[in-house]
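Have a look at the structure below, then the notes.
A short reminder: the numbers here are calculations on the coordinates, not readings from a lab. The shown structure was predicted, so the numbers you read here are calculated from the model rather than taken from an experiment. FYI the Cβ positions are ideal-geometry reconstructions off the backbone, even for glycines, and counts take in every protein chain you see.
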Amino acid sequence: LRHVLPNCLMPTISVVGMNIGTLIGGAAVIEAVFDLPGIGTQLVNAVSQRDYPTIQGAAVITALIVLAGNLVADLLHAAVDPRARS
């Protein structure tokens, strides 16, 4: 476990960090299909009503979530692998 875990943790962190955007987009679709309250439902309603400030706000919030997820993935990557710190 001591030898294998750091080596298999690196690609796992990278894949999870890159898939954060897909998870956010999938959540928006699920909210729209099942009529659950959330940012996805708000975004679908704003698009259908042509509410541009709400669309821009949802896009900015989604982008910030994706950026934060990638930042966390990069920080975890540096914490796990000392070679990635430089």
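Taking the chain as the region of interest, what is the percent of Cα-Cα pairs per 10 angstrom bin, listed from the shortest bin to the one with the maximum distance?
Whole-percent P(r) values from 0 Å outward: 17, 35, 23, 17, 8, 1.
So if I place +1 on the C-beta of Lys and Arg and -1 on the C-beta of Asp and Glu, and nothing else carries charge, what would the dipole magnitude of the chain be about its Cα centre? I want it in debye, nearest 20.
Taking the Cα centre of the chain as origin, the dipole is about 360 debye.
With each label point set 7 Å from Cα along the Cα-Cβ vector, what nm distance links ILE39 and HIS77?
Placing both labels 7 Å along Cα→Cβ, they lie 2.2 nm apart.
For VAL60 and THR12, compute 0.36 nm times the residue count separating them, minus their Cα-Cα distance, and round to one decimal in nm.
Here the segment from VAL60 to THR12 would lengthen by 14.6 nm.
Given THR41, GLN56, CYS8, which one lies farthest toward the positive end of the charge dipole of the chain, if we put +1 on the Cβ of every Lys and Arg and -1 on the Cβ of every Asp and Glu?
It is CYS8, whose Cα lies furthest towards the positive end.
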